[in-house]
Amino acid sequence: MSATTGSMSLASHLPDGLGHTGDHDLLRGTARRFLSERCPAREVRRLAGDPIGFDRALWRELAELGWTGLHLPERVGGAGLDHLSMALVLEESGRALYPGPLLASALGALAIARAASGGQAGRLLPDLAAGRVIATLALVEGSSWELDAVEAAARPVEDGYELHGEKAHVPWAQVADLLVAPFRWEGGLSMFAVPLAGPGIEIEPEVSLDSTRRLARVRFTGAHVAADARLLAGGAVLGDLLAPALAYLAAEMAGAAGAALDLTCAYARERVQFDRPIGAFQAVKHPLVDVLIAVERARSLALAAAVALDHAPDQALRAARMAKVAAEGALLFACDRAVQLHGGFGFTWDCDAHLYYKRALASAATWGDALHHRRVLAADLRRLAGYAPRSGS
Amino acid sequence: MSATTGSMSLASHLPDGLGHTGDHDLLRGTARRFLSERCPAREVRRLAGDPIGFDRALWRELAELGWTGLHLPERVGGAGLDHLSMALVLEESGRALYPGPLLASALGALAIARAASGGQAGRLLPDLAAGRVIATLALVEGSSWELDAVEAAARPVEDGYELHGEKAHVPWAQVADLLVAPFRWEGGLSMFAVPLAGPGIEIEPEVSLDSTRRLARVRFTGAHVAADARLLAGGAVLGDLLAPALAYLAAEMAGAAGAALDLTCAYARERVQFDRPIGAFQAVKHPLVDVLIAVERARSLALAAAVALDHAPDQALRAARMAKVAAEGALLFACDRAVQLHGGFGFTWDCDAHLYYKRALASAATWGDALHHRRVLAADLRRLAGYAPRSGS
Amino acid sequence: MTNPDPRELPELAEFRRDTRAWIAEHRPAAPSFVLPQSFLEVETREQFDYLRAWQGALYRAGLVGFDVPREYGGQGVSPERAAVVSQELTRARAPFLVNLLGLRWAGPTILAYGTEEQKRRLIPPLLAADEIWCQGFSEPGSGSDLASLTTRAEPDGAGGWRVTGHKVWTTMAHVADWMILLARTGPAKYDGLSYFLFPMKTDGVRVEPLVKMTGEGGFNQVIFDGAPMPRESLLGQEGQGWRVAMTTLAFERGVEGGRERGAEDLALVWRVADLAARARRDGAPAIDDPVLADQLVSLWIEAEAIGVSALRMRVPGLVADRPLALPLMHKLVFTELAQRATRLACQLLGTEAVLWMGDARAPDDGDWPRAFLNSYGFTIGGGTSEVQRNILGERVLGLPKSK
Amino acid sequence: MTNPDPRELPELAEFRRDTRAWIAEHRPAAPSFVLPQSFLEVETREQFDYLRAWQGALYRAGLVGFDVPREYGGQGVSPERAAVVSQELTRARAPFLVNLLGLRWAGPTILAYGTEEQKRRLIPPLLAADEIWCQGFSEPGSGSDLASLTTRAEPDGAGGWRVTGHKVWTTMAHVADWMILLARTGPAKYDGLSYFLFPMKTDGVRVEPLVKMTGEGGFNQVIFDGAPMPRESLLGQEGQGWRVAMTTLAFERGVEGGRERGAEDLALVWRVADLAARARRDGAPAIDDPVLADQLVSLWIEAEAIGVSALRMRVPGLVADRPLALPLMHKLVFTELAQRATRLACQLLGTEAVLWMGDARAPDDGDWPRAFLNSYGFTIGGGTSEVQRNILGERVLGLPKSK
């Protein structure tokens, strides 16, 4: 019967203890403490109002904690840890709304680690692992982040390539040293690691909804890059990158959702109306419980996606899509209730709720929103349910 | 700008007072009183447990009140009233979960009034208007109620036609005298008014979810009908019937939704837990307010659909689809909260909530559910928004 | 955005033609600066002057005040004409009427409770936007539980009062001439409240801007430090303030600040539908997505229902079961609809939703994320959605108070 | 319906193979009568006998009791093996274990609070379904406010008690040998309650069937009229009943009546997906409808999340922020998921949703509308969803009590 075919659970592909060890506890504990000390809400607000929005000293400190190379091999100076470790740190950075390229640089480095030749990796990764070089990942052109929308081109010239085209919504391009992005190349697609300096490259900051994750347009007007800027593997790399990109982003979003919930619960315990804390009213309490359920679901699936990257790679992309869907739903819902249940204060700049909400809306729009990924999952579901669609439908 | 094109409101097509007069008030008042006296919940329960489920004496009484011919012309013995009148009575019959073919017979008679020749109308309508003859409308074959699914055929023979095929889910076929349904006929479709008696007709009662609206399968195995059983107009009749069918059904459903809400509110005012009526808890109060909003929306749109039939026929089908969508949502939601908020009692046979819920589920599945009509409305919306879809999409 | 109905009465049709022509001729050119999306975000002097001039021009053309008798500067009560003006303003996407708090809340309350003198003095400049009104109800510690407010009005010994306290979320206080002020004149929670018409241009009152989550200003906190009020500031009786305030909050009129119920909601849904036809997601038109289209249809149906309910509300026989239901639910329904509609608009934008106002490539100048965030001003202000649900549950469904 | 994992430990894989083979060989043939969908609807003697025989066979094959030490007739504690049995039963769509109230609620509570004698006497026949358990908590006037119950146990002067009162919604009372009974032994709302193991086959107790909204029986009201209970009926201390009852209600175990958390939820979603691939709406396959498919995907994701959360729950470091969240939300999450899944199934049926069980053409024998209506038994019974949300808000989020 067809129903059995598709029904091997995600959980059954994962190891019993989810690969979690005491080291993970330590890592998360350190991250929570470090960020609450060095990146509290007032620091996030300060940077949100800053023209650049990025604190290089803070970046160096978290690089010293090893976060920039957690997931990179030890031979290039990384910590050689698993994806779960990176997901846990990103969950904490999401909680804190850390304003910096931790996510973008981690993914840029991952692309290089996966796709570069030994020589390229040896040249680029040690600086990335140490946080001396910041990478970013540029997937969007026009209004699409899918491969077939890529028009930016790398034209072979003497000694390398000449780049033309424009990438939009590139996270933290303003402060990054290295951009990893797909370019058309002799009819195919290839990932390039492009130093963000020199003639023929123009970085135009965007006015981004979320001022804790700055974006820019990067225009290439004949910029010259060396031959080894082209990473070895082709378009497949981008497909391989999607699972970690979504898993990492989902972890970050789940963390932010948990923090938005905590913020609202704290207010609901303290704010008194009608002679009692508003959290005693079921109109406040029950929606917050629904947020809690969404948040815990999002955390479970974000963890599952990271653990799948480590232990069940063939399940990773589907798990990551589910994680993005769940995290997006939880984060938007948590923020909606955060603003509404803070009442008049929730609607002001002084309440932190809007910082989370802007992160939520911007993250939703990143690398495919829930609607997009549910559509892809629906196709999976049809196939797994043993249903062969009519051609063309 | 395209946005203005589509945005002439439904309300702007309707007369200011919605065509409502004091007579409508009287009619509704009579209906409410009559049904609460003659068709209270215990009577509905009695009939729900009865093998036939239909009280012919009660039917005769409401025929005497003129309800069976409200919407039929005076020259055939009807009251010559508007669709709003019929909608108001059906809203009341929905409130009471009246178990009988008022809706089905009204629609059957309407089909005849619209499609029959003068001679047919003169022969059939007086008995229908007076309630001496009960009609029903049979739209479903297989699992579809759409015209292109009709396979039942009328084969021309001497003196008339021979009918073959099967109609499913025919409301009250067990007690009806006349079935109105589309049959294939010389390659096209035509509506037939078929006396439900004689050889070649088999009525098999279905076990219907909603025992306050009995259904049957009607099989035609060569039944012979006279030539004038074929109503004049063709398939267009069915299209024309859809607007009143949905508008009437929506009115009935909106009435049932209001009653389910009232039932739950009454319980919430009386049932005491934690030393206060449960209606004082926002977990009860606020969902009931959301039901109220849905119910009032459904009532407004059901009225609008009926008024559109009277005053803005070119808007009637769209209004009727909207009314069905809104009524279905409101009724299902009202029933969901009715069962849940009645707690342990809500789950029992003794609580009236389930009677409404079964009516709700069965009505949802009748003549296209909300999902279906929303899909059709989405196509309207694309057109009105000035969007030309790609061919094939 | 209703087109003329062929069956419209000739005189009304003529009025519509004239109104449409007048608006087409006089509506001001788009300004060089960003306009606020609603009266809640009027921040700069140039925004205010632009909008005040527009309301003044409309008033002088006889197009404002169709719910106000002529003796107080209005046009005489004519809901039909009000509806026509509303529809034509919406159709032309003309700027909103800046003195909305005056038109919708202060004005009707003064007409209901004011002395003849108060009405003659205050209503005409209110309609003309010559005098702007703000509202002083909420306080930092008194939001949903409004009656717990502590701002007090103490007799000054000469028949007047002195006000001390702290009001918040006072939209347009920075440009207002008058405030409808709810203050404590006695200790009893409800009966200790009185309702005043407070002249803002006086000593002892300090207006400080608050910033909204969009970064826009337009609302304020107002700190009173013994600010004087003359005797004639009292509206209604001393100790009657709660009842008068409830009247103010209940003024959910068919004509709201010159816009007809339903028309604006439907216009918003059609603007979102228009966006759906233009926007591309993953390289395809957003409106092609069946799931998004399905959500749009739900909004469409709800908006049409608001318009129909507005008609139905005027027919007593069609609301006899629950006469208060439709008027009392209106605010909740339209504010939550607007929130979902603008949220859907952000979804339609796909990747481009990340751009904020001020970015040259932000779709529709970034109006959609801005409108979505600003939508919370309406689900929170004027009684939160939670308070609205309490009111409906208690007054319409007869459920016991949530104490 | 998990397939063997290639990385499974060899001994577990062997156990799985054996279990699967045993089930395939021994699972009973489909009966001629309609089987209940869950333990809430066991109505007729033939249904009961069939199901009791199945649990007995499983027990004798060593496949029941993986959370019970061997000295009480169990298999020793082995969650891994419990999970395997659960997965294989789900996979085979085998009948459920009829003594679920015993396995899930009475058993664990007795193991936690019982005397050695109580455990040795009661647990083995409970596992074998030789003695069936029912639960006597709710009363007509005490549903969500359980502690307001009035059934009283009075000392009979000889060390035992006599019970007088009225319990409702007592699933399987008509076939039960024992009842876990919460009764009043003193006036204090909470401290006046005691917890008893009441022998049902005695005088002074009358079991009357209640009919569910589906028309099915299976639950009852139980009227006690001075029914006697021996001294050893008391579980825990006198006056400790509330605490013991809360323990019972908190037994939301990883292994519930032999089924593993997550597996059953996912299996349900896949059965609905399978229906979607078979069912036709408006002449087209239901699963082709993008809006329906989108809803199915949401259910799929939620069901997968339950499975993952079950793993996560066992890793303290991954639930450190809110250790109680996952265990306390489980009942709410899975019962509401099942409700939405069966509701969606009814939608998938299109026109055919009007047919009820007993109609020869009802899709899947009418199981879907029946399952949907029966789903309310789970969102109401065992603490309504509303009560669950209170508990989560107070115990997990630290919000104040809703008093």
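Pairs meeting the criteria (first residue in region C:195-207 and in contact (Cβ under 8 Å) with a residue 60 or more places away in the chain, second residue among the acidic types (Asp, Glu) and assigned to a loop (DSSP other than H, G, I, E, B), beta carbons under 9 Å, at least 6 apart or on different chains) are C:MET200/C:ASP177. Could you list, in sequence order, the residues of region B:202-214 that are crowded, with 18+ Cβ neighbours inside 10 Å and free of Cβ contacts under 8 Å to residues at least 60 places away in the same chain? B:GLU206 - this is the single residue of region B:202-214 that is crowded, with 18+ Cβ neighbours inside 10 Å and free of Cβ contacts under 8 Å to residues at least 60 places away in the same chain. Taking region C:59-80 as the range and being in a helix (DSSP H, G or I) and modelled with pLDDT under 90 as the test, the residues that pass are C:PRO79, C:GLU80. You will find that of A:ARG269, A:ARG299, the residue that is at the interface with chain D (Cβ under 9 Å from one of its Cβ atoms) and in contact with an Asp or Glu (Cβ under 8 Å, 6 or more places away or on another chain) is A:ARG299 and no other.
If you go through region A:352-371 one residue at a time, do you hit one that is farther than 28 Å from A:VAL89 by Cβ, of a type outside the set (Phe, Trp, Tyr), at pLDDT 95 or above and within 18 Å of the chain's Cα centre (by Cα)? Yes, the conditions are met somewhere in region A:352-371.
Residues in region C:274-284 that are more than 7 Å from chain B (Cβ to nearest Cβ) and not charged (D, E, K, R): C:LEU275, C:ALA279, C:GLY283, C:ALA284. Look through region A:124-158, keep the residues that are among the hydrophobic types (A, V, I, L, M, F, W, C) and assigned to a helix (DSSP H, G or I), and return whichever of them is surrounded by the fewest Cβ atoms within 10 Å (Cβ to Cβ). Out of the qualifying residues, it is A:LEU147. Pairs linking a residue in region C:45-68 that is surrounded by fewer than 23 Cβ atoms within 10 Å (Cβ to Cβ) to a residue that is part of a helix (DSSP H, G or I), with Cβ atoms under 6 Å and 6 or more positions apart or on different chains, are C:ALA57/C:HIS26; C:ALA61/C:TRP22; C:PHE66/C:ARG81; C:PHE66/C:ALA82.
With respect to the stated conditions, C:LEU399 is outside any strand (DSSP E or B), without any contact (Cβ under 8 Å) to a residue 24 or more places away in the chain, out of contact with any Pro (no Cβ under 7 Å at 6 or more places or on another chain) and within 14 Å of chain B (Cβ to nearest Cβ). Per the listing A:LEU189, A:LEU263, A:LEU231, A:LEU179, the residue uniquely at pLDDT 95 or above, in a strand (DSSP E or B) and either in contact with a helix residue (DSSP H, G or I) (Cβ under 8 Å, 6 or more places away or on another chain) or aromatic (Phe, Trp, Tyr) (or both) is A:LEU179. Taking A:LEU97 as the residue in question, decide whether it is of a type outside the set (Val, Ile, Thr), within 26 Å of A:SER211 (Cβ to Cβ), touching a strand residue (DSSP E or B) at 6+ places or on another chain (Cβ under 9 Å) and buried (at least 24 other Cβ atoms within 10 Å of the Cβ). Criteria not met by A:LEU97.
Residue-wise test of (1) among the hydroxyl-bearing types (Ser, Thr, Tyr); (2) touching an Asp or Glu at 6+ places or on another chain (Cβ under 8 Å); (3) more than 23 Å from C:TRP178 (Cβ to Cβ).
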| site | (1), (2), (3) |
| --- | --- |
| C:VAL34 | no, yes, yes |
| C:TYR50 | yes, no, no |
| C:ALA53 | no, no, no |
| C:PHE66 | no, no, no |
| C:PRO79 | no, yes, yes |
| C:GLN87 | no, yes, yes |
| C:LEU97 | no, no, no |
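Scanning region D:336-376 for residues that are modelled with pLDDT under 95 and among the β-branched types (Val, Ile, Thr) yields a single hit, D:THR351. Selection of region D:39-52 for residues being within 23 Å of D:VAL84 (Cβ to Cβ) and either in a loop (DSSP other than H, G, I, E, B) or touching a Pro at 6+ places or on another chain (Cβ under 7 Å) (or both) yields only D:LEU51.
Any residue in region A:1-29 that is over 18 Å from D:ALA305 (Cβ atoms) and surrounded by 15 or more Cβ atoms within 10 Å (Cβ to Cβ) sitting within a Cβ distance under 6 Å of a residue that is at pLDDT 90 or above and of a type in the set (Lys, Arg)? List the pairs, counting only those 6 or more apart or interchain. Matching pairs, first to second residue: A:ALA3/D:ARG271. Only one entry in B:ALA176, B:ALA197 is away from chain D (no Cβ under 13 Å) and more than 30 Å from B:LEU355 (Cα to Cα), namely B:ALA197. With respect to the conditions (1) over 20 Å from the mean Cα position of the chain (by Cα); (2) more than 7 Å from chain C (Cβ to nearest Cβ), A:ALA319 lacks only one, and its number is (1).
Restrict the check to region B:160-173 and report whether at least one residue is over 21 Å from B:TRP59 (Cα atoms) and assigned to a helix (DSSP H, G or I). No - not one qualifying residue is present in region B:160-173. When we screen C:LEU292, C:LEU299 for residues that are within 9 Å of another protein chain (Cβ to nearest Cβ) and of a type outside the set (S, T, N, Q), the only hit is C:LEU292.
Within the bounds of region A:359-377, is there any residue that is more than 7 Å from every other protein chain (Cβ to nearest Cβ), farther than 22 Å from C:PHE372 by Cα and surrounded by fewer than 20 Cβ atoms within 10 Å (Cβ to Cβ)? Within region A:359-377, one or more residues are more than 7 Å from every other protein chain (Cβ to nearest Cβ), farther than 22 Å from C:PHE372 by Cα and surrounded by fewer than 20 Cβ atoms within 10 Å (Cβ to Cβ). Within region C:81-126, the set of residues being more than 18 Å from the chain's Cα centre (by Cα), more than 30 Å from C:PHE198 (Cβ to Cβ) and among the β-branched types (Val, Ile, Thr) comprises C:VAL84 only.
When residues in region B:295-316 are screened for being surrounded by 24 or more Cβ atoms within 10 Å (Cβ to Cβ), more than 16 Å from the chain's Cα centre (by Cα) and not β-branched (Val, Ile, Thr), 4 of them pass.
Do we have any residue at all in region C:81-88 that's part of a helix (DSSP H, G or I) and closer than 28 Å to C:ARG243 by Cβ? Looking through region C:81-88, at least one residue is part of a helix (DSSP H, G or I) and closer than 28 Å to C:ARG243 by Cβ.
Residues in region D:334-377 that are more than 8 Å from chain B (Cβ to nearest Cβ), in contact with a Lys or Arg (Cβ under 8 Å, 6 or more places away or on another chain) and not in a helix (DSSP H, G or I): none.
Going by the structure shown, is A:GLY188 more than 22 Å from the chain's Cα centre (by Cα) and away from chain C (no Cβ under 14 Å)?
Here the answer is yes, as A:GLY188 does meet what is asked.
So for region C:363-383 (the condition being under 30 Å from A:PRO171 (Cα atoms), polar (S, T, N, Q) and crowded, with 23+ Cβ neighbours inside 10 Å), does at least one residue qualify? For region C:363-383, residues under 30 Å from A:PRO171 (Cα atoms), polar (S, T, N, Q) and crowded, with 23+ Cβ neighbours inside 10 Å: present.
The test for being surrounded by fewer than 21 Cβ atoms within 10 Å (Cβ to Cβ) and of a type outside the set (A, V, I, L, M) does not hold for D:ARG104. Scanning region D:311-333 for residues that are aliphatic (A, V, I, L, M), assigned to a helix (DSSP H, G or I) and under 25 Å from the mean Cα position of the chain (by Cα) returns D:LEU311, D:ALA325, D:LEU326, D:LEU328, D:MET329, D:LEU332, D:VAL333. Looking at D:LEU97, D:LEU111, just one residue is in contact with a helix residue (DSSP H, G or I) (Cβ under 7 Å, 6 or more places away or on another chain) and in a loop (DSSP other than H, G, I, E, B), and that residue is D:LEU97.
The values are calculated or read from the model by the stated rules, or taken from the named source; none is laboratory data. Bear in mind that the values here come from a model prediction, so they are computed numbers and not experimental data. Backbone-built Cβ (ideal geometry, glycine too); neighbour counts: all protein chains shown.
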